[in-house]
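**Q** Would you mind keeping the following structure in view while I ask a few things?
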Amino acid sequence: QKGVLVQVKVGMVKPCGLMKPCHLVKPVSATRVSGRYLTHQRGLPGLPVPPLQQTCERYIGALEPIVEVDELKHTNELVDEFQKAGGIGERLQRGLEKRASNTENWLSEWWVQVAYLEYRLPVVVHSSPGLVLPRMNFRDKQGQIRFAAKLIAGVLDFKTMIDNETLPVEYLGGKPLCMNQYYEVLSSCRIPGLKRDSIVNHAKSSRPCKHITVVHNFQFFVLDVYNSDGTPLTSDQLCVQLERICSSSPQADVEPVGILTTHHRDSWGKAYVNLIKDKTNKESVSAIQRSIFTLCLDGAMPRVSDDTYRSSAAVQMLHGGGSQWNSGNRWFDKTLQFIIGEDGTCGANYEHAPAEGPPIVALIDHVVEYTRKPEMVRSPMVPLHMPRKLHFNITPEIKKDIEEAKHHMNTLAQDLDMRVIVFGHFGKNVPKAHKMSPDAFIQVALQLAYYRMYKCCCATYESASLRMFRLGRTDTIRSASSASASFVKAFDEPGKQNTEKVDLLVNAVKAHRSYTNIAISGQAIDRHLLGLKMVAIEEKLPIPAIFTDTAYAKALHYRLSTSQVPSKTDCVMCFGPVVSDGYGVCYNPMNDHINFAVSSFNTCEETSAARLARAVEGALLDMRTLLEQTPRAKL
Ligand code: COA
C-alpha cells in the first residue's frame, strides 16, 4: 500500500482486559491489530519499576553536590525511615509494581497529566519549545508562499509514512524505540480546561480531517490539502491556495484571537468557555483543533543585525515577539505549528504534551530535505475550492480577554532573554577523538560554566529518552554529580596539576555517561520517586516526609534545564527556563560545531543568557586545551 493514502486508525492495543488504554489514544479498532506499528509496539518491553533501595541510594548520591551537609544528613534519616522494612516506601513500591503490571506504561499517563496538562503557566515560553531552521534564501512574500507550499507538501509526504506505517523504526544504543509519539503529533491539539487541560487527537477519528489551518495577519483559514481522489495537493496547487489566502487577509484591524492561547491556562480555560459559547466561534476553534497542523505566515519582526539574527528568530519561534508582532499569529495549543516569515526565517513551535523534540525534529528533517528536491508530481487540472476563512464573533467580554492575554504575553516577551550561538570551534569530533561521549563532555562544560559564574553547583536536568519502553517519554539525567563537582572545583585551582584535572574530567564525563545509561534503561530516580508519590496521592495516604523535605524541593529546582535535540538539519531547538532564577539550554551537537540556545529571564538579576552562553564557550575551549596539553598516556 506504499504511496497510497490510507487512513489508519491508530490506537493502543489492549492485549488483555487488565490493560488501561493510554490517555491519548482510543482503544484499538479491529483493523489495526495486524498493523506493523502494533506488532512493533507489542515487542517493546514495559517500563520497569526500579528497586526501592537502589533509588534511595542514588537519590542521596544525587543530592550530594547540591545540598548542604546538614541537609543531607537530615534527608539521609528520612530516606532510612522511608525505605525501612515494612515502611511506607515498601507499600508505595508494591502499589507502583501493581500499576506497572496493569498498565501499558505505569508512568506515561501520570507524566502527561502532571508535567503538562495540570501545569498552569502559559504553554508559551514555559512549556512549548521553538525550533529555528537555517535561514532560507527568499526575502519576499512570493518566496515565503513558495517555500510554505513546499513545506506543506513535505509534511504531507511524511504523513503518508505515518498513515501507511512505513516510518523506519528508530534505535538508541542498538535498541528499537517506541514510535507512538509520531502518531500523536498530527491532527492533535491541546484544549484548555478550568483546572486541567486535555488533548484531542483527530487522527484517530473514523473520518480524519484533510485540512490544515493557515494563519496570516491574525486571520485563520481552513485549507484542504487533499484532492478528491485522496492524493495530496502538489506544491504548485498549494501555492495557488496560499496566494488566495494572502490576498484575502490583508493587514487589517482584526482581533488576534490566537493570542488567547498564550494566556495562563486557568485564564485561557475560562476565556475558552466564553469564546465557544458562540456557535461560529465554536466551529472555527474546532476547525483549528481538528486540522493536521497550523501554518503561520508571519508578518515582519523587528529588524536586527546579522549577529543577533538567530536569537531573534528563536524568539519568533518561541513566542512570536509580542502582540505587536506575531504572537497573535499562532494557535499555541496546536501540537505542531510551522512558522515562516517573509525574510527567509522559518521554524516551528510545538505543544509539548504529546511528544518530545526528537520525533518533531525527525519530521522536520524530512520536510527540509523534501523542500530541497525538485517537484516530481504534475498538478492535476482540477479547480480548487477557495480556502475557507474562519470567523470569530468578538463580544466585549472576549475583547477584554484578548486585551488581558496581550498584556501578559507582552510582559513575558519582555522578560525572556534568548541567545542562540553557534560554537564553531569544534563539535562531536573533539570529544570523540578523546574517546569521550560528546553529550557528557558538553554537560560537564555546562557544569564548569555555571560553577565559574556562581561558585556553586545547581540541580541540573537533562532529558533522557525512555523510548526503549512502550509509550516511554523521558526521565532526568542529573548532570550535577559528585564527580562533576570535583572537576569544576579543581579546574581553576592554581595548585592543581593538569594530569589531576584530566583525571577528574575523565571521571566526570564517565559519571555522566553512566547516569545516561541508567536513565535510558529506566533505572533513574526522578520518575520513580514521582511514581511513589503519585501512589501515595492516589491511595490517599499521607505524603511521606522525603517529598516535603527542603532537599527534595532543591533537587527539583532546576537552575539548569537542558536538553540535547540532535538533527540532520543545522538547526536548534529553544525553550525557556523552568524556574525564575534559572536557564533553559538546548543544544544540537553537529560533527564540527554545536548550536546552543540559552534562555533566562530579565527580571532575575542574577541570570544572563549571554553570560552563560559565553561561559559555556569558554568552558568548552578550556576543556579542549586541557586535553590537548596533557600527554595522552595520562588519558
Ligand atoms: N568515544 C567515542 N565516541 C563516543 C563515545 C566515546 N566514549 N561515547 C559516545 N560516542 C559517540 C556515540 O557513538 C555517538 O556517535 P554518532 O555521532 O555516530 O551517533 C555520539 O558519540 C553521540 O553519543 P553521546 O554524545 O554519548 O550521546 P547520545 O547520542 O547517546 O545521546 C542522550 C545522549 C542523553 C541525549 C540520549 O540518550 C537521549 O536520551 N536523547 C533524547 C533526549 C530527548 O528526548 N530530548 C528532547 C527533550 S524535549
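The values are calculated or read from the model by the stated rules, or taken from the named source; none is laboratory data. Just so we're clear, the structure is a prediction, and the values are computed from it rather than from any experiment. Quick reminder, even Gly has a Cβ in these numbers, built from the backbone with ideal geometry, and neighbours come from all protein chains shown. With ligands, DNA and RNA removed, areas are computed over all heavy atoms of the protein, side chains included. Shrake-Rupley method; radii C 1.70, N 1.55, O 1.52, S 1.80 Å.
**Q** Please report, in whole Å³, the volume per residue of the convex hull around the C-alpha atoms of region 380-468.
**A** Expressed per residue, the convex hull around the Cα atoms of region 380-468 is 348 Å³.
**Q** Separate question: Taking every DSSP beta bridge that has both residues in the chain, what percent is antiparallel when rounded to the nearest 5?
**A** 70 percent
**Q** While we're looking at this one, here's another question. For Lys73, which lysines qualify as cross-link partners when the Cα separation must be under 22 Å and same-chain residues fewer than eight apart are set aside?
**A** Qualifying lysines at Cα under 22 Å: Lys84, Lys533, Lys554.
**Q** Follow-up. Quick one: putting +1 on the C-beta of Lys and Arg, -1 on the C-beta of Asp and Glu, what dipole do you get for region 119-414 around its Cα centre, in Debye to the nearest 20?
**A** For this selection, approximately 480 debye.
**Q** Quick one: putting +1 on the C-beta of Lys and Arg, -1 on the C-beta of Asp and Glu, what dipole do you get for region 222-322 around its Cα centre, in Debye to the nearest 20?
**A** I would put it at about 440 debye.
**Q** Considering only Cys571, His593, His512, whose Cα is most displaced toward the positive end of the charge dipole of region 511-635, charges sitting on Cβ of Lys, Arg (+1) and Asp, Glu (-1)?
**A** Of the candidates, His512 comes out farthest on the positive side.
**Q** Please report, in debye to the nearest 20, how large the charge dipole of the chain is about its Cα centre when each Lys and Arg carries +1 at its beta carbon and each Asp and Glu carries -1 there.
**A** Value, rounded to 20: 1660 debye.
**Q** Which whole-percent values make up P(r) of region 106-155 when all C-alpha to C-alpha distances are grouped in 10 Å steps starting at zero?
**A** All Cα pairs, binned at 10 Å, distribute as 20, 28, 21, 24, 7, 0 percent.
**Q** Return one number: the angle in degrees, 0 to 90 and rounded to the nearest 10, between the long axis of the Cα atoms of helix 396-415 and the longest principal axis of the Cα atoms of the chain.
**A** 40 degrees
**Q** Taking region 536-635, which trypsin sites (Lys or Arg not before Pro) meet the DSSP loop condition and have no more than 11 other C-beta atoms within 10 Å?
**A** Here the sparse-neighbourhood loop sites are Lys540.
**Q** Here's another thing I want to ask about it. With every protein chain present, what accessible area does Arg478 have (1.4 Å probe, heavy atoms only), rounded to the nearest 10 Å²?
**A** 20 Å²
**Q** Helix 52-63 against the longest principal axis of the chain: what's the angle in degrees, Cα atoms only, rounded to the nearest 10?
**A** So the helix axis and the longest Cα principal axis differ by about 90 degrees.
**Q** Take the solvent-accessible surface of the protein heavy atoms, probe 1.4 Å, and return the percent of it on the chain that carbon and sulfur atoms account for.
**A** Percent of accessible area from carbon and sulfur atoms in the chain: 53.
**Q** What does the C-alpha gyration tensor say about the overall shape of region 150-304? Classify as rounded when a/c is under 1.5, otherwise prolate if a/b is larger than b/c, or oblate.
**A** Because a/c hits 1.5 or more and a/b fails to exceed b/c, region 150-304 counts as oblate.
**Q** Quick check: Cα centre of region 411-472 to Cα centre of region 475-494, how many Å?
**A** Region 411-472 and region 475-494 have Cα centres spaced 13 Å from each other.
**Q** With everything on Cα atoms, drop me the angle between helix 279-290 and the longest principal axis of the chain, reported from 0 to 90° to the nearest 10.
**A** 60 degrees
**Q** Here's another thing I want to ask about it. For Lys399, give me every one of the lysines with a C-alpha distance below 23 angstrom, ignoring sequence neighbours fewer than eight places off in its own chain.
**A** Partners within reach: Lys195, Lys270, Lys277, Lys279, Lys282, Lys334, Lys389.
**Q** May I pose another question? Cα convex hull of region 119-414: how many Å³ per residue?
**A** Per-residue hull volume (Cα only) is 142 Å³.
**Q** Which lysines have a Cα lying under 16 Å from the Cα of Lys489, excluding residues fewer than 8 positions away in the same chain?
**A** Candidates past the 8-residue exclusion: Lys455, Lys501.
**Q** Which one, Cys346, His385, Pro302, is farthest towards the positive end of the dipole of region 119-414 when Lys and Arg carry +1 and Asp and Glu -1 on their Cβ?
**A** His385
**Q** Take the alpha carbon atoms of the chain, find their radius of gyration, then divide it by 2.2 N^0.38 Å using N residues; give the quotient.
**A** Against the empirical 2.2 N^0.38 Å value, I get 0.97 for the chain.
**Q** At 222 nm, what helix-only mean residue ellipticity would the chain give, in deg cm²/dmol to the nearest 500, using -39500 (n - 2.57) for each DSSP H run of four or more?
**A** -13000 deg cm²/dmol
**Q** Please compute the per residue accessible area over the chain with all protein chains in place, 1.4 Å probe, rounded to a whole number of Å².
**A** Dividing the accessible area of the chain by its residue count gives 41 Å².
**Q** Could you pull the Cα extents of region 173-237 along its three principal axes, largest to smallest, in whole Å?
**A** Each principal axis gives a Cα extent; for region 173-237 these are 41, 40, 27 Å.
**Q** Here's another thing I want to ask about it. Given the whole protein assembly as supplied and a 1.4 Å probe, what does the accessible area of Ile537 come to in Å², nearest 10?
**A** 90 Å²
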